[in-house]
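> Structure provided below as structure tokens; questions to follow.
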Amino acid sequence: MIGLREYAESDLDRLVALANNQNVSRYLVYTFPHPYTRKDGEWWIDTGSKQNGATTRVIEYQGLFVGSVGIAPQNGWRGHLGEIGYWVAEDYWGNGIATAALRQMTEYGFVNRNFRKLYAPVLAPNFASMRVLEKCGYQREAILKGEVQKGGAYFDIHHFARHRQ
């Protein structure tokens, strides 16, 4: 069973232990660095996870913190949009956890936050994440060439989105 809950201060040690993995962080945004330090975890729990009105939740699997999922609302003329993202600790890959968490957060975004569209930018090599999005009804809308620079390399972004029905 997959559950979503708010972050707590007591999550810090587990967050740092799971997040400090280059295989987890290699395709994630700049706010998810490697190495992942206690200072990074403290910032995330205290500020980053709720910055600019974001809704971010711990993913629990069999009662254990195994990852995170969240939606960052956009503003201005894009205020009807939310950027959705997720990660799961490497030891838990391949168990359908990301798919279940993304389904729950997508429903939350449409029902509770009233977004008309949720989107996820995915770095080109991250085929597993693209498959998770497709299983949850997201469709690739665009490929943005050379959009992101990370670790000295440039990556295409595959832009996936799902519209509220």
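> Using a probe of 1.4 angstrom, how much of the accessible area of segment 1-139 is carbon and sulfur, in percent? Could you put the intermediate results ahead of the total?
Values: 3560 of 7320 Å².
C and S fraction of accessible area: 49 percent.
> Could you pull out every residue, at least 5 positions away or on a different chain, whose amide H is within less than 5 Å of the one on Lys150? Hs are placed 1.01 Å off N in the peptide plane, and Pro or chain starts have none.
Phe155
> Would you calculate the separation in nanometres between label points at Arg164 and Leu64, each defined as 7 Å from the Cα along the Cα-to-beta-carbon direction?
3.7 nm
> Within segment 1-74, which GluC sites (Glu not before Pro) sit in a loop by DSSP and count at most 13 neighbouring Cβ atoms inside 10 Å? Write out the running numbers ahead of the final one.
Working: sites: Glu6, Glu9, Glu42, Glu60; in loops: Glu6.
When the GluC sites (Glu not before Pro) of segment 1-74 are filtered for loop state and at most 13 Cβ neighbours within 10 Å, Glu6 remain.
> On to the next question. Note down the relative contact order for the chain as a percent, whole number, built from C-alpha pairs under 8 angstrom at least six residues apart. Please list the in-between numbers first.
Working: 277 pairs, mean separation 29.5, N = 165.
For the chain, the relative contact order is 18 percent.
> Short version: ³J(HN,Hα) in whole Hz for each residue of segment 70-79, in order, from phi by Karplus 6.51 cos²θ - 1.76 cosθ + 1.60 (θ = phi - 60°), x for Gly and Pro, what are they?
x, 10, 9, x, 8, 9, x, 5, 10, x
> Let me ask something else. Could you give the length gained on full extension between Glu90 and Val29, defined as 0.36 nm per residue of separation minus the Cα-Cα distance, in nm?
Values: separation 61, 0.36 × 61 = 21.96 nm, distance 1.70 nm.
Contour length minus the Cα-Cα distance gives 20.3 nm.
> Do any of Lys39/Lys135; Lys50/Lys150; Lys39/Lys117 go past 30 Å between their Cα atoms, and which?
Numbers: Lys39/Lys135 35 Å; Lys50/Lys150 24 Å; Lys39/Lys117 33 Å.
Over 30 Å Cα-Cα: Lys39/Lys135; Lys39/Lys117.
> What shape does segment 13-91 take by its C-alpha gyration tensor, where a ≥ b ≥ c are the square roots of the eigenvalues and a/c under 1.5 counts as rounded, a/b above b/c as prolate, and the rest as oblate? Working shown, then result.
Details: a/c = 1.87, a/b = 1.65, b/c = 1.13.
Prolate shape, in that a/c is at least 1.5 and a/b is the bigger ratio.
> With a/c under 1.5 counting as rounded, go ahead and sort segment 109-165 into rounded, prolate or oblate using the C-alpha gyration tensor (a ≥ b ≥ c being the square roots of the eigenvalues; past the cut-off, prolate if a/b is larger than b/c, else oblate). Please report the intermediate quantities before stating the final value.
Values: a/c = 2.61, a/b = 2.06, b/c = 1.26.
Cα axes put segment 109-165 in the prolate bin.
> Also, I was wondering about something else. Fully extended, how many nm does the chain gain between Thr37 and Asp156 (0.36 nm per residue separation, minus their Cα-Cα distance)? Please list the in-between numbers first.
Details: separation 119, 0.36 × 119 = 42.84 nm, distance 2.77 nm.
Difference between extended and current length: 40.1 nm.
> Can I ask one more? Enumerate the amide H contacts of Ile59 below 5 Å, restricted to partners 5 or more residues apart or on another chain; note that Pro and chain-start residues carry no placed amide H.
Counting only residues 5 or more places away or on other chains, the set is Val66, Gly67, Ser68, Val69.
> Let me ask you something else. Aspartates and glutamates within cross-link reach of Lys145: Cα-Cα under 20 Å, excluding same-chain residues under 8 positions apart?
By straight Cα distance, Lys145 reaches Glu83, Asp156.
> Compute the relative contact order of segment 46-136 as a whole-number percentage, counting only Cα pairs closer than 8 Å that sit 6 or more residues apart in sequence. Spell out each step's value before the answer.
On the way: 119 pairs, mean separation 19.9, N = 91.
Computed value for segment 46-136: 22 percent relative contact order.
> Could you tell me the extents of the chain's C-alpha atoms along the three principal axes, largest first, rounded to whole Å?
Over the chain, Cα extents along the principal axes are 38, 37, 33 Å.
> When ligands, DNA and RNA are left out and all protein chains stay put, how many square angstrom of accessible area per residue does segment 117-156 have with a 1.4 Å probe? Walk me through the numbers on the way to the answer.
Numbers: 2290 Å² over 40 residues.
On a per-residue basis, 57 Å².
> Also: Dipole of segment 111-163 (Lys/Arg Cβ +1, Asp/Glu Cβ -1, origin at the Cα centre): which of Tyr119, Met130, Gly151 lies farthest to the positive side?
Value: Tyr119.
> Show that you can apply the helix-only estimate: for the chain, add -39,500 (n - 2.57) for every DSSP H stretch of four or more residues, divide by all residues, and state [θ] at 222 nm to the nearest 500. Don't skip to the end; give the middle numbers.
Details: 5 runs with 45 residues, N = 165.
Taking each H run of at least 4 residues, the total per residue is -7500 deg cm²/dmol.
> With θ taken as phi - 60° and the coefficients 6.51, -1.76 and 1.60, list the Karplus ³J(HN,Hα) couplings across segment 46-54 in order, rounded to whole Hz; mark glycine and proline as x.
Each residue of segment 46-54 in turn: 7, 10, x, 5, 10, 4, 6, x, 5 Hz.
> In sequence order, what are the phi-derived ³J(HN,Hα) couplings for segment 142-155 according to the Karplus relation 6.51 cos²θ - 1.76 cosθ + 1.60 with θ = phi - 60°, rounded to whole Hz, with x for glycine and proline?
6, 10, 9, 6, x, 6, 10, 10, 8, x, x, 10, 9, 10
The values are calculated or read from the model by the stated rules, or taken from the named source; none is laboratory data. Everything quoted here is computed from the prediction, not taken from an experiment. Cβ: placed from backbone, ideal geometry, glycine included. Neighbour counts: every protein chain shown. Surface accessibility is based on the protein's heavy atoms, side chains included, excluding ligands, DNA and RNA. Shrake-Rupley method; radii C 1.70, N 1.55, O 1.52, S 1.80 Å.
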